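The values are calculated or read from the model by the stated rules, or taken from the named source; none is laboratory data. Treat the numbers as computed from the prediction; the structure is a model and nothing was measured. Virtual Cβ from ideal backbone geometry, glycine too; neighbours counted across all protein chains shown.
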Ligand SMILES: [Cu+2]
């Protein structure tokens with residue numbers, strides 16, 4: 001493949017990536033510590049175009065004292081039952097409570113978004129570092145979606161098609177802040193490349209926990225002949241990508257996410273196709289933090305998938 005045809009393939013692939021992105025049901029609250037919390041289930045779309053008529057939330061064992069907020073246009077039911085043990089809750093112990101909430105109503109059209117609020121209490125069954133999945137079942141006029149998949153250890157949750165919303169448990173009272181400030185790279189994943197595609201895209205989060213800006217200067221990986229940092233830009237109504245030759249600034253105290261439709265890592269001249277389930281190393285070179293190597297998990301190509309963007313480029 002000539003350099004020119006690689007460039008063309010890259011341009012075509014990048015222009016298609018945004019439409020591959022799809023939104024999951026999620027919680028607006030990403031992390032909390034032991035004790036009371038308030039969260040909302042966010043429902044970003046229907047079931048393949050069909051309107052949502054019910055949202056059912058399963059409460060994990062150890063999340064106690066749950067109460068849903070009533071919602072205009074929706075009825076709310078709760079299923080109560082015994083907990084597996086008695087938990088400390090404010091001034092006493094509780095041994096039973098809400099285990100499932102169902103909001104029924106709407107219909108919430110596919111092109112609309114809504115959220116369903118509840119409060120709860122993280123018991124001492126959980127410790128900092130735990131990731132608690134909240135299974136959400138979305139019923140529609142036609143069909144349903146169970147947001148119930150939980151990533152196996154070492155697997156990138158973003159490779160799941162129907163991930164359960166996750167609530168991360170963190171330490172209380174800023175104990176997390178007491179940890180040494182550092183720049184970290186997390187959640188690195190790449191899309192599988194079908195057919196004979198020689199380019200692939202990767203995504204990750206860079207968290208700059210330090211008090212100074214840093215710059216991602218370059219990236220490299222044994223799976224690709226060349227690895228670049230790309231950004232997406234609208235130019236004359238067309239989404240185009242561009243290599244960031246000057247590097248990517250990670251502001252102090254900020255997180256920069258590389259995700260489908262935006263900034264991404266581009267793998268050029270792939271030695272072999274990237275296959276779902278595969279893992280490989282990615283080395284990132286930062287101006288201040290130096291070399292950081294992270295494992296990249298390869299996920300599915302992405303569904304729902306439009307016409308295969310690679311079909312014309314074999
Ligand atoms: Cu690109």
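Quick notes on this structure:
- Among the residues of segment 214-251, the ones that are more than 14 Å from the ligand (Cβ to nearest atom), without any contact (Cβ under 8 Å) to a residue 60 or more places away in the chain and either closer than 19 Å to residue 199 by Cα or not assigned by TED's automatic domain parsing to the domain that holds residue 271 (or both) come to 3 in all.
- Test for residue 187: is it in contact with a helix residue (DSSP H, G or I) (Cβ under 7 Å, 6 or more places away or on another chain), more than 16 Å from the ligand (Cβ to nearest atom) and outside the structural domain of residue 160 (by TED's automatic domain parsing): yes
- Count of residues meeting criterion [in contact (Cβ under 8 Å) with a residue 60 or more places away in the chain and more than 11 Å from the ligand (Cβ to nearest atom)] in segment 262-274: 4
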